[in-house]
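The values are calculated or read from the model by the stated rules, or taken from the named source; none is laboratory data. Given the structure is predicted, the values throughout are model-derived calculations rather than measurements. Every residue, glycine among them, receives a Cβ derived from its backbone with ideal geometry; neighbour counts consider all protein chains shown.
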Ligand SMILES: Nc1ncnc2c1ncn2[C@@H]1O[C@H](COP(=O)(O)OP(=O)(O)OP(=O)(O)O)[C@@H](O)[C@H]1O
Ligand SMILES: [Mg+2]
């Protein structure tokens, strides 16, 4: 008699989650290879990929803007957030508690509130909306994430290591560059990656602070979809999913290897 | 000041309301193995951190090699520290950890290799140069920390309980090694420990600390044989403490009236004049224990009768806790020096005779007035 496997409750939950998480992706994947534009699958074709890569100048322009804003704001936020984390963990100064408490606010604030407030702020300053304002806005909401990830790393390590560096002749700057930064590299990297992702996908805040000529990819997709879902978007989504996986997987392995070596 | 390497005068440090160090002064000679010994929380680490420059004193001066360094940062002082937690750089190999101070000073590569190799040889780690700290054992990590601290050729090496994270056996081994490293490099070691056996075995001199103060400074023999305070006598080794009024003084012998033990003869010259109150310490190995009464006490002999409360056998010797009829407690060591057939065993509840010479008693505290000090003669209540 063969043993019949009764699906347990946890199995059921597992498969439900898998279906809900991956079914939409799978549908997307499927329709990106659809020969026709409609809701029925009429045959396998690469026509939408062709259209994506050779007939979508607007889309690629938007993509380029998104990427440059993502890289720029992530790098700025990583620089500022790391310095803030090191500063609050190493030094005592007036307003330190305030900085620590306030650093969380952009994380918990509803995006729409943040978008509006940034818009009002820029308008008040008389700044022209465009790439610069998007860059500033993205940097602003990215800093807390970097700050948090780097702070966590800083709290982990033994502060006598820093004293040892000073004792062995390193000045403040050398201690920062040769000891503290190398030890918190994993935190800095994951902060940067998180910031890139958050910036790439942000819609709400960007929507408020964008101006003419600064259409990022999410804004472009949103405007394109208003005239019906183009299968080109499906193809783009598949490309992005694959790209993300290719990017994230090796960096995770690197972080793990680094953590093991440390 | 001549010949002194580290000189500390009137050093005080408070954390909030808490006075961690109270007016500490010390002169440490060049090349000395100097230990700071005291119970947990007495301020040893604080004193060391003030010497290293991690902390600034509230008042007082620190000078190294005759130069006032008070207020200077650690990298401007010619001393290096071996931390209790090793404090190795986890992202660097053993080689690069040791080379760190040289890299900071931009020493040429060839010189770096040469110096690092010499120092890794010194601590016997030449085979582990390419490992990361996480791949080393505790003892090996400690050696890396020592090599790294020595490579700058400091004039003083500060060690804060460097062996406390190691197991007992390895600790003994590392202690011997530390001693030979000290002999080889010839610089001053300031060694913090709360383990009296450790301090006694390697130090040239010891400072015993308690409650943020230095109670006594001296050679290990000095500290052990002539404790100058009750705390020192109690903290270093086992001890029997008696206290009471000196009821008579003649021919250099003071008779101290301890309320539980009775009258005790003490040869202490003019440290215990008639009418004063004194505390007197007698080390347990100075007391003889026997089942039969000793032949003749003589003018210097003390004889006390008692009952064995607890015998503790530990191989090379036995330790006996003996209770006297007056309610006093004494602790006595007996060496198992010879094959002991024929010498009767001393067991629990046996009636015993204790005897010692008035010369082996040391006055640890005295007050000229006749106010009773608030100490008891009970050496068991630790
Ligand atoms: N940064 C600090 N803030 C407040 N109190 C402190 C600080 N550093 C030390 N103390 C206090 O000062 C006293 C002395 O501390 P210290 O570290 O010098 O003791 P220690 O003799 O080294 O003890 P241990 O053997 O446990 O290491 C302790 O009571 C400690 O609580
Ligand atoms: Mg300590």
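Criterion first (touching a strand residue (DSSP E or B) at 6+ places or on another chain (Cβ under 7 Å) and within 14 Å of chain A (Cβ to nearest Cβ)) does residue B:148 satisfy it? Answer is no for this residue. Taking segment B:154-169 as the range and being more than 16 Å from ligand 2 (Cβ to nearest atom) and either buried (at least 21 other Cβ atoms within 10 Å of the Cβ) or closer than 22 Å to residue B:47 by Cα (or both) as the test, the residues that pass are B:154, B:155, B:156, B:157. For segment B:26-38, does any single residue satisfy the condition of being closer than 24 Å to residue B:139 by Cβ, touching a helix residue (DSSP H, G or I) at 6+ places or on another chain (Cβ under 8 Å) and away from ligand 1 (no atom under 16 Å from the Cβ)? Yes, that holds for at least one residue. Against the condition over 21 Å from residue B:254 (Cβ atoms) and modelled with pLDDT of 90 or more, how does residue B:347 come out, does it pass? In short, no. Based on what the data block shows, is residue B:105 in the same structural domain as residue B:162 (by TED's automatic domain parsing), farther than 21 Å from residue A:160 by Cβ and away from ligand 2 (no atom under 16 Å from the Cβ)? Considered against the rule, which asks whether it is in the same structural domain as residue B:162 (by TED's automatic domain parsing), farther than 21 Å from residue A:160 by Cβ and away from ligand 2 (no atom under 16 Å from the Cβ), residue B:105 comes out as yes.
Of all residues in segment B:55-81, those satisfying the criterion of being within 16 Å of ligand 1 (Cβ to nearest atom), touching a residue at least 24 places away in the same chain (Cβ under 8 Å), in contact with a helix residue (DSSP H, G or I) (Cβ under 9 Å, 6 or more places away or on another chain) and in a loop (DSSP other than H, G, I, E, B) are B:55, B:57. Got at least one residue in segment B:108-119 being within 16 Å of ligand 1 (Cβ to nearest atom), over 18 Å from residue B:149 (Cα atoms) and either within 14 Å of chain A (Cβ to nearest Cβ) or surrounded by fewer than 20 Cβ atoms within 10 Å (Cβ to Cβ) (or both)? Among the residues of segment B:108-119, not one is within 16 Å of ligand 1 (Cβ to nearest atom), over 18 Å from residue B:149 (Cα atoms) and either within 14 Å of chain A (Cβ to nearest Cβ) or surrounded by fewer than 20 Cβ atoms within 10 Å (Cβ to Cβ) (or both), which makes the answer no.
Across segment B:134-158, the number of residues qualifying as assigned to a loop (DSSP other than H, G, I, E, B) and within 24 Å of the chain's Cα centre (by Cα) comes to 1. With respect to the conditions (1) away from ligand 2 (no atom under 16 Å from the Cβ); (2) in the same structural domain as residue B:84 (by TED's automatic domain parsing), residue B:193 falls short on a single one, namely (1).
Among the candidates B:269, B:327, B:315, B:342, the residue that is loosely packed, with under 13 Cβ neighbours inside 10 Å, under 20 Å from residue B:230 (Cα atoms) and at pLDDT below 90 is uniquely B:269.
For residue B:247, state whether it is surrounded by fewer than 19 Cβ atoms within 10 Å (Cβ to Cβ), assigned by TED's automatic domain parsing to the domain that holds residue B:329 and touching a strand residue (DSSP E or B) at 6+ places or on another chain (Cβ under 9 Å).
Taking the combined requirement at face value, the residue satisfies it.
Of the residues B:216, B:221, B:124, B:172, the single one that is more than 14 Å from chain A (Cβ to nearest Cβ), away from ligand 2 (no atom under 16 Å from the Cβ) and assigned to a loop (DSSP other than H, G, I, E, B) is B:124.
Out of B:23, B:17, B:56, which single residue is in contact with a strand residue (DSSP E or B) (Cβ under 8 Å, 6 or more places away or on another chain) and either in the same structural domain as residue B:83 (by TED's automatic domain parsing) or buried (at least 20 other Cβ atoms within 10 Å of the Cβ) (or both)? Reasoning before the result, please.
Working: B:17 fails: in contact with a strand residue (DSSP E or B) (Cβ under 8 Å, 6 or more places away or on another chain); B:56 fails: in contact with a strand residue (DSSP E or B) (Cβ under 8 Å, 6 or more places away or on another chain).
After applying the criteria, what remains is B:23.
For every residue, the table says whether it meets (1) in contact with a helix residue (DSSP H, G or I) (Cβ under 9 Å, 6 or more places away or on another chain); (2) at pLDDT 90 or above; (3) surrounded by fewer than 18 Cβ atoms within 10 Å (Cβ to Cβ).
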residue: A:188; (1), (2), (3): yes, yes, no
residue: A:195; (1), (2), (3): yes, yes, no
residue: A:206; (1), (2), (3): yes, yes, no
residue: A:222; (1), (2), (3): yes, no, yes
residue: A:230; (1), (2), (3): yes, no, no
residue: A:237; (1), (2), (3): yes, no, yes
residue: A:246; (1), (2), (3): no, no, yes
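The set of residues from segment B:85-107 being under 27 Å from the mean Cα position of the chain (by Cα) and within 8 Å of chain A (Cβ to nearest Cβ) comprises B:85, B:87. The number of residues in segment B:170-214 being under 20 Å from residue B:145 (Cβ atoms) and more than 16 Å from ligand 1 (Cβ to nearest atom) comes to 20.
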